[in-house]
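The values are calculated or read from the model by the stated rules, or taken from the named source; none is laboratory data. What you see is a predicted model; the values in this text were computed from it and never measured. Cβ atoms come from the backbone with ideal geometry, glycine included; neighbour counts cover every protein chain shown. Accessible surface is based on the protein model in full, side chains and every heavy atom, while ligands, DNA and RNA are left aside. Shrake-Rupley method; radii C 1.70, N 1.55, O 1.52, S 1.80 Å.
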Amino acid sequence: MTEDLSLVIEQAMTGDKAAFSKLVWRYKDHILNIAFGIVGNAQDAEDIAQEAFLKAFLSIKRLSSAKAFYRWLVKITVNLSIDKKTANSLRWVKPLETALPLAISTQSPEKIAEQREQQKLVIAALDRLTLEQRTVLVLREFQDLSYEEIALILRIPLGTVKSRINAARSRLYNILAPERL
Amino acid sequence: MTNMDCKTCKALLWAYCVDDLEKDLLAQVDEHTACCSSCREELDTTTATTRFLHTHMPLLQSDHSFVQETLDKITLTEPASTLKPIIGIILILIIILLIGLLIISPIFISLLWLSANILFTLVQQGALVIKTAPLLQIISGTILTALLFIVLVSIRRLAMRCIA
């Protein structure tokens, strides 16, 4: 973590909204994609990300140190995403066409359609993982967090993180490899 | 052939593809796949699968409106400045003092006397009516309750006006 960033976080910890807005700019896409990876719906992910930032702002004064900020923010996001995903699965919410992010308009319609199909395949494969497996996989595979960081965020033993990631990878391989071929 | 068996090697292939293996294990997988055609084939499939996953996992990018909306929400729910505990205690003491003053004031006592008289009269009349007939009991009971309610509301309003 750079000194500048630590300073911004410390300013935000005093309730400085301008400093906090800098943090929103910096982490918005990370947070959005963590939420999206877990819930698999763009609109829900946006709502979760906004709520995560809101929660973070309201309780940032309780944060012990600036170094822990990102991990803490990810933890809030993961908890909100898990809650949302659980609520959606209880209500049998089905994924919509609009649940995926919009494709770049410069591509041809055929290419966009093909890309959408492949994206749906990936999301469908992730949906077949358990919520625990999906959460650790998203944090490791797409956010590049270390095993130790994931263990701290989810408050689970390091061995559990590793076994969940291995199980998730193995399951994804079994789902994606035959589908793709 | 290396010490690593095919089962172990296959279990490590995904981690190998995403560069998630320690150096010694990486070297062992390299060594094993160099001389095992089955594992090499599996490695090719795993490489393609991980590439497919990483290429086609949708990546969201938020714009300025996302940040603006987030900051708007923050502004809306920003906690109001809370009173210091000492100020709170002083306020409570003042309120208790005011209530005490009101209770001992002549207006309050006269109001209390008035309302008690009205209630007493109404209850007496109601008891007379209740003795007559069962149907009348219900009707009179309802009317009496309504009257009591109206009287109490009026007393409350009167008291509020006096306080104001």
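Does region B:38-52 contain at least one residue that is more than 30 Å from A:Glu114 (Cα to Cα) and either at pLDDT 85 or above or acidic (Asp, Glu) (or both)?
yes
Within region A:1-21, can you find the residues that are part of a loop (DSSP other than H, G, I, E, B) and either touching a Ser or Thr at 6+ places or on another chain (Cβ under 7 Å) or under 13 Å from A:Lys67 (Cα atoms) (or both)?
Once the filter is applied, which keeps residues that are part of a loop (DSSP other than H, G, I, E, B) and either touching a Ser or Thr at 6+ places or on another chain (Cβ under 7 Å) or under 13 Å from A:Lys67 (Cα atoms) (or both), region A:1-21 yields A:Met1, A:Thr2.
Name the residues in region A:41-62 that are more than 7 Å from chain B (Cβ to nearest Cβ) and surrounded by 24 or more Cβ atoms within 10 Å (Cβ to Cβ), would you?
A:Ile48, A:Ala49, A:Ala52
Has region B:54-73 got at least one residue that is among the hydrophobic types (A, V, I, L, M, F, W, C), at pLDDT 85 or above and more than 26 Å from A:Gln115 (Cα to Cα)?
Within region B:54-73, one or more residues are among the hydrophobic types (A, V, I, L, M, F, W, C), at pLDDT 85 or above and more than 26 Å from A:Gln115 (Cα to Cα).
From the set of residues in region B:1-48 that are β-branched (Val, Ile, Thr) and touching a residue at least 12 places away in the same chain (Cβ under 8 Å), which is farthest from the other protein chains (Cβ to nearest Cβ)?
B:Thr2
Does A:Ser81 qualify as being open to solvent by less than 70 Å² (accessible area, probe 1.4 Å) and away from every other protein chain (no Cβ under 12 Å)?
yes
Answer yes or no as to whether B:Thr77 is under 30 Å from A:Ala49 (Cα atoms) and within 8 Å of chain A (Cβ to nearest Cβ).
When the stated conditions are applied, B:Thr77 passes them.
For region B:16-74, give me each residue that is open to solvent by less than 30 Å² (accessible area, probe 1.4 Å) and more than 30 Å from A:Asn33 (Cβ to Cβ).
Scanning region B:16-74 gives B:His32, B:Thr33, B:Cys36, B:Cys39.
So which residues in region A:20-34 are within 7 Å of chain B (Cβ to nearest Cβ) and hydrophobic (A, V, I, L, M, F, W, C), if there are any at all?
Once the filter is applied, which keeps residues that are within 7 Å of chain B (Cβ to nearest Cβ) and hydrophobic (A, V, I, L, M, F, W, C), region A:20-34 yields A:Val24, A:Trp25, A:Leu32.
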